[in-house]
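Participant: Starting off with a structure, shown below.
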Amino acid sequence: MTTMGAFRDAVTAWAAGGPGGPAQDLADQLFIHTAVLLEGPSDAAAVDAMAARHGRDLAAEGVCVLPMGGAMSVGRFAEVLGPSALDLRLVGLCDEREQDFYVRALARADAAPQGLFVCAADLEDELIRALGVSTVTELVETEGESRRLQTFLQQPAQQGRAAQQQLRRFLGTRSGRKIHYGRVLVEALDPTRTPAPLEGLFAAL
């Protein structure tokens with residue numbers, strides 16, 4: 001059975017200099033019309049969790065959620081997904097510090113996004129602010145990481161930092177943790193407090 005994962009792999013290989021035929025064939029088979037350009041897998045985990053909360057199957061809708069392995073890759077992906085190749089509708093989610101880079105890279109590929117939604121620091125920061133420090137701390141404890149968090153907070157480098165900054169840093173200190181909490185934080189959101197970038201992204205899909 002052809003899957004969206006196979007398409008993502010084919011596009012990633014194409015963006016890295018491989019052949020474009022496999023991605024083109026899969027795009028046709030899966031009726032893909034939109035690609036969501038994300039910096040990494042933690043963003044993808046959050047988007048997938050939000051889709052589940054909305055009862056949406058993005059793959060079945062022809063929408064590919066595509067973590068690019070870093071913002072610096074957006075130009076290569078825009079070239080293979082944009083007008084000169086697959087001609088997909090492009091939607092993006094990025095950090096504020098990467099916004100200008102996204103805009104320039106997409107313009108070079110003549111692939112202006114149909115919606116570019118910008119997080120102030122990153123998506124984790126947006127989610128922590130939406131949930132509040134106490135709620136996120138409780139979630140970390142529920143996930144069995146209370147002792148790890150307390151050990152982390154005692155480190156000299158964390159002294160003097162705001163609690164929100166400490167939590168954001170904690171989420172990135174262990175391989176796979178940001179991906180895990182991308183889902184956990186989204187699942188805990190009050191629907192009325194969804195961060196604006198994430199809400200805007202889904203309104204555009």
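The values are calculated or read from the model by the stated rules, or taken from the named source; none is laboratory data. Since the model is a prediction, treat every value here as computed from it, not as a measurement. No Cβ is skipped: glycine too gets one built from the backbone with ideal geometry, and neighbour counts run over all protein chains shown. Each accessible area value is taken on the protein alone, full model and side chains, heavy atoms only, with ligands, DNA and RNA left out. Shrake-Rupley method; radii C 1.70, N 1.55, O 1.52, S 1.80 Å.
Participant: I need a count of the residues in the stretch 136-165 that are within 20 Å of Cys119 (Cα to Cα) and either at pLDDT 95 or above or open to solvent by 80 Å² or more (accessible area, probe 1.4 Å) (or both).
Facilitator: We begin by selecting, within the stretch 136-165, every residue within 20 Å of Cys119 (Cα to Cα); these are 136, 162-165.
Subsequent filtering for residues that are either at pLDDT 95 or above or open to solvent by 80 Å² or more (accessible area, probe 1.4 Å) (or both) retains 136, 165.
Of the residues in the stretch 136-165, 2 are within 20 Å of Cys119 (Cα to Cα) and either at pLDDT 95 or above or open to solvent by 80 Å² or more (accessible area, probe 1.4 Å) (or both).
Participant: Could we say that Thr173 is open to solvent by 40 Å² or more (accessible area, probe 1.4 Å), within 20 Å of Ala46 (Cα to Cα) and assigned to a loop (DSSP other than H, G, I, E, B) here?
Facilitator: On the way: open to solvent by 40 Å² or more (accessible area, probe 1.4 Å): yes; within 20 Å of Ala46 (Cα to Cα): yes; assigned to a loop (DSSP other than H, G, I, E, B): yes.
Yes: the conditions hold for Thr173.
Participant: Only one of Leu26, Leu37 is in contact with a strand residue (DSSP E or B) (Cβ under 6 Å, 6 or more places away or on another chain) and either under 20 Å from Ala111 (Cα atoms) or of a type outside the set (Ser, Thr, Tyr) (or both). Can you tell me which?
Facilitator: Values: Leu26 fails: in contact with a strand residue (DSSP E or B) (Cβ under 6 Å, 6 or more places away or on another chain).
Just one listed residue meets the conditions, Leu37.
Participant: Checking Met68 against (1) in contact with an Asp or Glu (Cβ under 8 Å, 6 or more places away or on another chain); (2) open to solvent by 20 Å² or more (accessible area, probe 1.4 Å): exactly one of these is not met. Which one?
Facilitator: Against the list (1) in contact with an Asp or Glu (Cβ under 8 Å, 6 or more places away or on another chain); (2) open to solvent by 20 Å² or more (accessible area, probe 1.4 Å), Met68 comes up short only on (2).
Participant: How many residues, within the stretch 46-65, are of a type outside the set (A, V, I, L, M, F, W, C) and open to solvent by less than 20 Å² (accessible area, probe 1.4 Å)? Can you show your working first?
Facilitator: Residues of the stretch 46-65 of a type outside the set (A, V, I, L, M, F, W, C): 48, 53-57, 61-62.
Still in the list and also open to solvent by less than 20 Å² (accessible area, probe 1.4 Å): 62.
Qualifying residue count for the region: 1.
Participant: Name the one entry in Asp110, Asp125, Asp100 that is crowded, with 18+ Cβ neighbours inside 10 Å and of a type outside the set (A, V, I, L, M, F, W, C). Let's see the steps before the verdict.
Facilitator: Working: Asp110 fails: crowded, with 18+ Cβ neighbours inside 10 Å; Asp100 fails: crowded, with 18+ Cβ neighbours inside 10 Å.
None of the others qualify; the one that does is Asp125.
Participant: Oh, and also: Could you list, in sequence order, all residues of the stretch 21-38 that are of a type in the set (S, T, N, Q) and assigned to a strand (DSSP E or B)?
Facilitator: Thr34
Participant: Then there is this: Go through (1) within 30 Å of Leu153 (Cα to Cα); (2) open to solvent by less than 40 Å² (accessible area, probe 1.4 Å) for Gly82 and report which single condition fails.
Facilitator: Exception for Gly82: condition (1).
Participant: Next question, about the same structure. With the checklist (1) in contact with a Phe, Trp or Tyr (Cβ under 9 Å, 6 or more places away or on another chain); (2) at pLDDT below 90 in hand, flag the one item Asp110 doesn't pass.
Facilitator: For Asp110, the failing item is (1).
Participant: If Phe77 satisfies all but one of (1) surrounded by fewer than 20 Cβ atoms within 10 Å (Cβ to Cβ); (2) farther than 30 Å from Pro191 by Cα, what's the number of the condition it fails?
Facilitator: Of the numbered conditions (1) surrounded by fewer than 20 Cβ atoms within 10 Å (Cβ to Cβ); (2) farther than 30 Å from Pro191 by Cα, the odd one out for Phe77 is (1).
Participant: Could you grab the pairs with beta carbons closer than 7 Å, sequence gap of 6+ or different chains, first residue in the stretch 18-33 and free of Cβ contacts under 8 Å to residues at least 60 places away in the same chain, second one of a type in the set (S, T, N, Q) and open to solvent by 30 Å² or more (accessible area, probe 1.4 Å)?
Facilitator: Hits for this filter: Leu26/Thr2; Gln29/Thr2; Leu30/Thr2.
Participant: Say we look at the stretch 39-63 and pick out the residues that are of a type in the set (Asp, Glu) and in a helix (DSSP H, G or I); which of these is farthest from Ala6 (Cα to Cα)? Before you say what the answer is, go through the steps one by one.
Facilitator: Narrowing the stretch 39-63 to residues of a type in the set (Asp, Glu): 39, 43, 48, 57, 61.
Subset that is in a helix (DSSP H, G or I): 43, 48.
Values: Asp43: 19, Asp48: 17 Å.
Step by step, filter the stretch 39-63, then rank; the result is Asp43.
Participant: Let me ask something additional. Quick test of your reading of the structure: Leu37 fulfils all but one of (1) buried (at least 24 other Cβ atoms within 10 Å of the Cβ); (2) free of Cβ contacts under 8 Å to residues at least 12 places away in the same chain; (3) hydrophobic (A, V, I, L, M, F, W, C). Name the failing condition by number.
Facilitator: Condition (2) is where Leu37 drops out.
Participant: Just give me the residues in the stretch 26-47 being in contact with a helix residue (DSSP H, G or I) (Cβ under 8 Å, 6 or more places away or on another chain) and over 17 Å from Leu171 (Cβ atoms), in sequence order.
Facilitator: Hits for the stretch 26-47 are Leu26, Ala27, Leu30, Ile32, Ala35, Val36, Leu37.
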